[in-house]
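Participant: Before I ask anything, let me first share the structure, which is written out below as structure tokens.
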Amino acid sequence: NAGVTQTPKFQVLKTGQSMTLQCAQDMNHNSMYWYRQDPGMGLRLIYYSASEGTTDKGEVPNGYNVSRLNKREFSLRLESAAPSQTSVYFCASRQDSGNTIYFGEGSWLTVV
Amino acid sequence: AQTVTQSQPEMSVQEAETVTLSCTYDTSESDYYLFWYKQPPSRQMILVIRQEAYKQQNATENRFSVNFQKAAKSFSLKISDSQLGDAAMYFCASLNNAGNMLTFGGGTRLMVKP
């Protein structure tokens, strides 16, 4: 029972490099989310997707793009990484009824 | 817009004792959901307990219970018979009715003393 799976778990990037964080869920959920968590803080929403093909900006979308090509997968792309994007990134999906939200294990990203 | 505030950056409790973590929130919605998540050093987000705002009865999950005061917009977490494994960061969160905005508080670090 995989739940929400994120890859990679750890990544070091140089300033200006690009990369994509992948997320997949096997629970047939419509809603998916990308969050970032900076040291000593709570999670902040980057982007949200209500269903395949739809995405909405969250609280901190600048510097990121997302793609929801199918129901299972929701990817987060950093086009030109900056040190301010050093953080732990969490993908999540929401149960359609009951509103329970399930999180992936997080992806630790360092931009040097 | 929603805001969630946790006023206690750190709390400590003696093993087997009871501790209460505070959370206040603000929302303009009539229907919403409230959560407590536990985050151990591994950074995994673990759902502890959930409360639907339309339910007056306080949620309970084994040693964890909440005190939900809707009028005061307060949602505290009580941990009974604290165990060493309860040591972690605890986050309070609010989900709006549309389900597109889950807002977190800043967290409370709970330490459990043997």
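The values are calculated or read from the model by the stated rules, or taken from the named source; none is laboratory data. In this text the structure is predicted, and so the values were computed from the model without any measurement. With ideal geometry, Cβ positions are generated from the backbone for all residues, glycine too; neighbour counts draw on all protein chains shown. Heavy atoms of the whole protein, side chains included, go into the accessibility calculation; ligands, DNA and RNA do not. Shrake-Rupley method; radii C 1.70, N 1.55, O 1.52, S 1.80 Å.
Participant: Checking B:GLN44 against (1) open to solvent by 60 Å² or more (accessible area, probe 1.4 Å); (2) more than 9 Å from chain A (Cβ to nearest Cβ); (3) not aliphatic (A, V, I, L, M), which test does it fail?
Facilitator: (2)
Participant: Can you confirm whether A:GLU79 is under 13 Å from the mean Cα position of the chain (by Cα) and over 13 Å from B:ASN100 (Cβ atoms)? Even if it seems obvious, please write down each step before you answer.
Facilitator: Numbers: under 13 Å from the mean Cα position of the chain (by Cα): no; over 13 Å from B:ASN100 (Cβ atoms): yes.
Considered against the rule, which asks whether it is under 13 Å from the mean Cα position of the chain (by Cα) and over 13 Å from B:ASN100 (Cβ atoms), A:GLU79 comes out as no.
Participant: Please find, within the stretch A:39-62, the residue that is farthest from the other protein chains (Cβ to nearest Cβ) out of those that are part of a loop (DSSP other than H, G, I, E, B) and loosely packed, with under 14 Cβ neighbours inside 10 Å.
Facilitator: Here is the first cut: in the stretch A:39-62, the residues part of a loop (DSSP other than H, G, I, E, B) are A:39-42, A:52-53, A:58-62.
Keeping just the survivors that are loosely packed, with under 14 Cβ neighbours inside 10 Å gives A:39-40, A:53, A:62.
Working: A:PRO39: 11, A:GLY40: 8, A:GLY53: 15, A:ASN62: 18 Å.
My answer is A:ASN62.
Participant: In the list B:THR60, B:THR18, B:THR103, which residue meets the criterion of being touching a strand residue (DSSP E or B) at 6+ places or on another chain (Cβ under 9 Å), open to solvent by 20 Å² or more (accessible area, probe 1.4 Å) and free of Cβ contacts under 8 Å to residues at least 60 places away in the same chain?
Facilitator: Working: B:THR18 fails: free of Cβ contacts under 8 Å to residues at least 60 places away in the same chain; B:THR103 fails: free of Cβ contacts under 8 Å to residues at least 60 places away in the same chain.
One residue alone meets the criteria, B:THR60.
Participant: Taking strands (runs of 3 or more DSSP E) that fall entirely within the stretch B:50-114, which contain at least 3 residues that are more than 26 Å from A:SER93 (Cα to Cα) and hydrophobic (A, V, I, L, M, F, W, C)? Outline the logic, then answer.
Facilitator: On the way: elements: B:64-69, B:74-79, B:88-96, B:102-104, B:108-113.
Filter on the stretch B:50-114 gives B:108-113.
Participant: Moving on. In the stretch A:67-112, what count of residues is obtained for those that are open to solvent by 60 Å² or more (accessible area, probe 1.4 Å), within 13 Å of chain B (Cβ to nearest Cβ) and not in a loop (DSSP other than H, G, I, E, B)?
Facilitator: 2
Participant: Which numbered condition trips up A:HIS29, out of (1) buried (at least 16 other Cβ atoms within 10 Å of the Cβ); (2) at pLDDT 95 or above?
Facilitator: (2)
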